[in-house]
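One structure below.
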Amino acid sequence: MQFGPVPLHMAQGAILAHSVALADGRLRKGCILGPADLARLQAAGLTTVTVARLDPGDVPEDGAATRLATALVPDPAGAGLALSQAHTGRVNLNAAYPGILAFDPAAIHALNRVHPAITLATLPPLARVAPGQLSATVKIIAYAVPEAALEKACNLARNALRVLPVRHRTASLILTQVPDLAPKLAAKGRRAVEARLTALGITLADCVTVPHQTAAVASALAAARGEMLLILTGSATSDLHDTAPEAVRAAGGTVLRFGMPVDPGNLLFLGNLGERPVIGLPGCARSPALNGADWVLERLACGIQLGDDDIAEMGVGGLLKEIPIRGRLRETGPE
């Protein structure tokens, strides 16, 4: 692509590089200059204008953006993404339903290394998305890009993006009561957890409050109807063999892990009861603020199996914002 100022008599058929304000209106950048446009520029006293002119083999910005977006998502319905019409070299990719955005970061890095004018920006890997939410955007920065570069970018990231839909549609919540836990705190926990489920399109099938005792929690687990089982204890889980993890075992389940390198969210435990995942929620789940339990809940809800390595890798980026309900802040000001 050729770019730069040219005399008006050489600008016909070229792309106007910058908008020009005129007495009778405005010529918008990106327009193809015709005889009437050049006459208006000449009447305004201009003798030169900055333009872009495509070379043989160049692909105009909108066509290039459409091709790249289509390569990334060749089956929008199957990938759970809706593609916008190209405009000024941009195509937006919006989630079609609740879920999490899945892609291989290496493929996106490779695409973005092909040519500086060929770009794709995404939400973080496995970010939760709501219907209609912007999840990624293709932007061709120049007015055109070379065909060879565009084809390489398309091949490197073909079929690279998709929204993983929610697989588990119901959940059960078990709250435990201890003598010094205010009822309003338990109610707050239920509201916060139910809001998280609703955002994923999951229905709270049942919610029960039981004494903070292993046998009581085990009985509640056995009676729970949800496809996912959530436990929010009145007293924080402090060990792999504390009350709630022991209750999972007593109900015939397995505890896979206690603790995660995400703060807030350290005191989460993970297990299963038959085919149903069990999440022992940390106390910070009573707040609507982002915490480690959100990441675990979202991924399990979308059918992703989590092991020790998956939880351990959440530590990168796992230092989350401070939340006001913490009993002790990570840092305090000067005394």
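A few remarks follow.
- Residue match in region 283-293 (condition: over 25 Å from the mean Cα position of the chain (by Cα) and closer than 16 Å to residue 172 by Cβ): no
- Pick from region 254-267, criterion of a type in the set (A, V, I, L, M) and under 22 Å from the mean Cα position of the chain (by Cα), ranking: nearest to residue 307 (Cα to Cα): 260
A quick yes/no check of all residues on (1) touching a residue at least 12 places away in the same chain (Cβ under 8 Å); (2) in the same structural domain as residue 79 (by TED's automatic domain parsing); (3) part of a loop (DSSP other than H, G, I, E, B):
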{"residue": "278", "(1), (2), (3)": "yes, no, no"}
{"residue": "285", "(1), (2), (3)": "yes, no, no"}
{"residue": "288", "(1), (2), (3)": "yes, no, yes"}
{"residue": "309", "(1), (2), (3)": "no, no, no"}
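- Applying the criterion of being among the charged types (D, E, K, R) and farther than 20 Å from residue 102 by Cα to the residues of region 272-307, the residue that is surrounded by the fewest Cβ atoms within 10 Å (Cβ to Cβ) is 275.
- Of 48, 66, all but one fail to be assigned by TED's automatic domain parsing to the domain that holds residue 9 and either touching a residue at least 12 places away in the same chain (Cβ under 8 Å) or surrounded by fewer than 23 Cβ atoms within 10 Å (Cβ to Cβ) (or both); the exception is 48.
- Some residue of region 172-193 being of a type in the set (D, E, K, R), surrounded by fewer than 16 Cβ atoms within 10 Å (Cβ to Cβ) and more than 27 Å from the chain's Cα centre (by Cα): yes
- Counted residues, region 289-315 - those being over 27 Å from residue 79 (Cα atoms) and either at pLDDT below 95 or of a type in the set (Lys, Arg) (or both): 2
- The residues on offer are 120, 101, 81, and the sole one that is within 24 Å of residue 147 (Cα to Cα), at pLDDT 95 or above and out of contact with any Asp or Glu (no Cβ under 6 Å at 6 or more places or on another chain) is 120.
- Residue match in region 113-134 (condition: among the charged types (D, E, K, R) and over 11 Å from residue 101 (Cβ atoms)): yes
- Within region 241-271, tally of residues that are surrounded by 21 or more Cβ atoms within 10 Å (Cβ to Cβ) and under 14 Å from residue 176 (Cα atoms): 5
Residue-by-condition table, conditions (1) touching a Pro at 6+ places or on another chain (Cβ under 9 Å); (2) without any contact (Cβ under 8 Å) to a residue 60 or more places away in the chain:
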| residue | (1), (2) |
| --- | --- |
| 87 | no, yes |
| 91 | no, yes |
| 97 | yes, no |
| 125 | yes, yes |
| 129 | yes, yes |
| 141 | yes, yes |
| 162 | no, no |
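Table: residues versus (1) in the same structural domain as residue 120 (by TED's automatic domain parsing); (2) at pLDDT 95 or above.
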{"position": "152", "(1), (2)": "yes, yes"}
{"position": "155", "(1), (2)": "yes, yes"}
{"position": "186", "(1), (2)": "no, no"}
{"position": "214", "(1), (2)": "no, yes"}
{"position": "228", "(1), (2)": "no, yes"}
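- Residue check for residue 24: free of Cβ contacts under 8 Å to residues at least 24 places away in the same chain, buried (at least 19 other Cβ atoms within 10 Å of the Cβ) and either outside the structural domain of residue 297 (by TED's automatic domain parsing) or within 30 Å of residue 167 (Cβ to Cβ) (or both): no
The values are calculated or read from the model by the stated rules, or taken from the named source; none is laboratory data. Treat the numbers as computed from the prediction; the structure is a model and nothing was measured. Heads up, the Cβs are rebuilt from the backbone with ideal geometry, glycines too, and the neighbour counts pull from every protein chain shown.
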